[in-house]
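Here is the structure we will look at.
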Amino acid sequence: ALKNYLGKPEGLRNPHVNIVDPAMGTGTYPLSILRRVGVEAASQYGPGAAPEAVSNAAARMYGIELQSGPFSVAELRISSTIQGLGAALPGGGLNFFVADTLEDPNSASESQLSYTAQLIARQRQLANRMKRERNIQVCIGNPPYKDHAGGMGGWIEKGSSGTPGTAPLDAFRLAGNGKHERHLSNLYAYFWRWATWKVFESTREVDVRDGGNGIICFITATGYLAGPGFKGMR
């Protein structure tokens, strides 16, 4: 899609294509992307081009994972793979965060915390900064599925604290759709709304290069394609 519709013949190797997996788990998608980038660079320019292409892609790749266990596995796997491909890790470290994707990007972390809690709070701050400021062209992954998830959608479901009528999920609602919209109370629907916000809305006003353009590539249930509860989303 990058090559055919967005004018980027290098695809994921394009230096202006930033990528995020908002439910990273153990890092399967970032790993696959890095390996693909290396293979394509080697195929076009020879084996010596692969390490630089992988290093460049790693610096443009972001990931968020709520659980520290899978996150640690992902970080280890991806770091080892980058080094195994002869590439260098980004100078500031990998852009992966232990954080809640659905948290309000303008949320502030507490200031007086234990050392460990400070590290976690810092991860949240970096993740929220990425949500606010980083232009993303590809949002890819396999977000969680959980039905009857009302109350679990964070900022996407409820909006910013103290600001009524700002819930991003409301953009997926349609007047008169009534009880059918109960199907929007699912984690995968919340992640779909986060992805559409991040790719198409969050940086549209500040990034003249690609703000508002991009691709969402999720493995999810397909109810949104034809289900009555998703008319507003469509």
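The values are calculated or read from the model by the stated rules, or taken from the named source; none is laboratory data. Values in this document were obtained by computation on a predicted structure and should not be read as measured data. Positions of Cβ are backbone-derived with ideal geometry, glycine not excepted, and every protein chain shown enters the neighbour counts. These accessible areas exclude ligands, DNA and RNA; they are computed on the full protein's heavy atoms, side chains included. Shrake-Rupley method; radii C 1.70, N 1.55, O 1.52, S 1.80 Å.
I'd like the full set of residues that are in a helix (DSSP H, G or I), over 22 Å from Gly92 (Cβ atoms) and of a type in the set (Gly, Ala, Ser), limited to segment 22-49.
Hits for segment 22-49 are Ser32, Ala41, Ala42, Ser43, Gly48, Ala49.
Filter segment 151-162 down to the residues that are out of contact with any Pro (no Cβ under 8 Å at 6 or more places or on another chain), surrounded by 11 or more Cβ atoms within 10 Å (Cβ to Cβ) and not hydrophobic (A, V, I, L, M, F, W, C), then identify the one that is modelled with the lowest pLDDT.
Among them, the one singled out is Ser160.
Scan segment 186-217 for residues that are surrounded by fewer than 16 Cβ atoms within 10 Å (Cβ to Cβ) and either of a type in the set (Phe, Trp, Tyr) or modelled with pLDDT of 95 or more (or both) and report the count.
Within segment 186-217, residues that are surrounded by fewer than 16 Cβ atoms within 10 Å (Cβ to Cβ) and either of a type in the set (Phe, Trp, Tyr) or modelled with pLDDT of 95 or more (or both) number 1.
Can you confirm whether segment 164-181 contains a residue that is in contact (Cβ under 8 Å) with a residue 40 or more places away in the chain, open to solvent by less than 30 Å² (accessible area, probe 1.4 Å) and farther than 25 Å from Gln137 by Cα?
There is at least one residue in segment 164-181 that is in contact (Cβ under 8 Å) with a residue 40 or more places away in the chain, open to solvent by less than 30 Å² (accessible area, probe 1.4 Å) and farther than 25 Å from Gln137 by Cα.
For segment 193-201, check the following and say yes or no: at least one residue is in contact with an Asp or Glu (Cβ under 9 Å, 6 or more places away or on another chain) and within 15 Å of Val20 (Cα to Cα).
Yes, there is a match, as at least one residue in segment 193-201 is in contact with an Asp or Glu (Cβ under 9 Å, 6 or more places away or on another chain) and within 15 Å of Val20 (Cα to Cα).
Which residue out of Thr101, Thr116, Thr81 is of a type in the set (S, T, N, Q), modelled with pLDDT of 95 or more and assigned to a helix (DSSP H, G or I)?
Result of the check over Thr101, Thr116, Thr81: Thr81.
Could you grab me the full set of residues in segment 220-234 that are under 13 Å from Asn186 (Cα atoms) and either surrounded by fewer than 17 Cβ atoms within 10 Å (Cβ to Cβ) or acidic (Asp, Glu) (or both)?
Passing the criteria: Ala221, Thr222, Gly223.
Any chance you could count how many residues in segment 1-26 are in contact with an Asp or Glu (Cβ under 9 Å, 6 or more places away or on another chain), without any contact (Cβ under 8 Å) to a residue 40 or more places away in the chain and surrounded by fewer than 16 Cβ atoms within 10 Å (Cβ to Cβ)?
1
Quick check on segment 76-110: of everything there that is under 16 Å from the mean Cα position of the chain (by Cα) and charged (D, E, K, R), which residue is farthest from Gly38 (Cα to Cα)?
Among those residues, the one meeting the criterion is Asp104.
If we scan segment 115-124, do we find a residue that is closer than 19 Å to Tyr62 by Cβ, without any contact (Cβ under 8 Å) to a residue 12 or more places away in the chain, under 15 Å from the mean Cα position of the chain (by Cα) and open to solvent by 40 Å² or more (accessible area, probe 1.4 Å)?
No.
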